[in-house]
Amino acid sequence: MGSPVSRSSSYGRALWLAIVLALGLAGCGLFNPEDPPPPTGSSGIRKPDLQFPDSALYCIFVGIATKSPQLYEFALPDTLLDGVNFHAFFDPQDLIDYANTGTTPPTDWTSTEEKTFIGQYTTLVPVPSYNVALALDGNRADFLGPDETIYYRHYRVTFGSPPQSIGVGLADLYFRRVGVNQEWKMIRWVDRRDTSAFNIRSIGRQRLGPPSVQ
């Protein structure tokens, strides 16, 4: 990976992206599905230009918030077109818990498994949208490189009032420029349990399945 560079010198932002992500990137924001969306693509799904890593981050978490698998998958690499695959990594305790169900944990988790999962996850609860809160990791600064960026985030996915959780944890999110168009895609999600909410399922544990409400 290249040397870290400042966000201001490397990445411009469209106004809509600044509005949607400002609170989350500042530390404890909430993605609101009612915020102004990016332009609409030919498929009818509102997608941003993936020339900035923040745009790919937007796809991932707004895709969850708006329950749009298509938006989420837009930020996943295509092995044939992009020459790289996505891989998810799990917290060791989540693997132990899953193994205790009598099922062998997967040896790898790629874009194929992730697309199946996000379809299940976004339909887990019959509500119009989820609430997705992101907070910076106070112990680790983001790595902002010219061709690879790593975001360190605490996340919380809830629905309803009072809120019920369907995913709490910490994520190391790796984004890289890939393919002919050098678009930013998420190539790795390293998931960890949140020790302050250790009994609540992380998204990693939800991946292992079956997804459930807590």
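Computed from the coordinates by the stated procedures, all read-outs in this text should not be read as laboratory data. Bear in mind that the values here come from a model prediction, so they are computed numbers and not experimental data. Heads up, the Cβs are rebuilt from the backbone with ideal geometry, glycines too, and the neighbour counts pull from every protein chain shown.
Computed FRET efficiency, Cβ-Cβ of S212 and A141, R0 30 Å: what is it to the nearest 0.05? Once the sixth-power term is evaluated, E becomes 0.35. Ranked by the mean number of other Cβ atoms within 10 Å of their residues, highest first, the peptides 153-162, 95-104, 129-138 fall in the order 129-138, 153-162, 95-104. Which FRET efficiency, nearest 0.05, do T107 and D78 yield, Cβ-Cβ r, R0 30 Å? So, using R0 = 30 Å, E works out to roughly 0.85.
Kindly state, to the nearest 0.05, the FRET efficiency for D194 paired with K115, given R0 = 22 Å and r defined as their beta-carbon distance. It comes out at approximately 0.30. Summing Lys and Arg as +1 and Asp and Glu as -1 over all other residues whose Cβ lies under 13 Å from the Cβ of V168 gives a net charge of +2. Counting 0.36 nm for each residue step from Q93 to S161 and taking away their Cα separation leaves a gain of 21.5 nm.
For K47, the aspartates and glutamates whose Cα comes closer than 16 Å to its Cα, not counting residues fewer than 8 places off in the same chain, are E34, D35, E73, E183.
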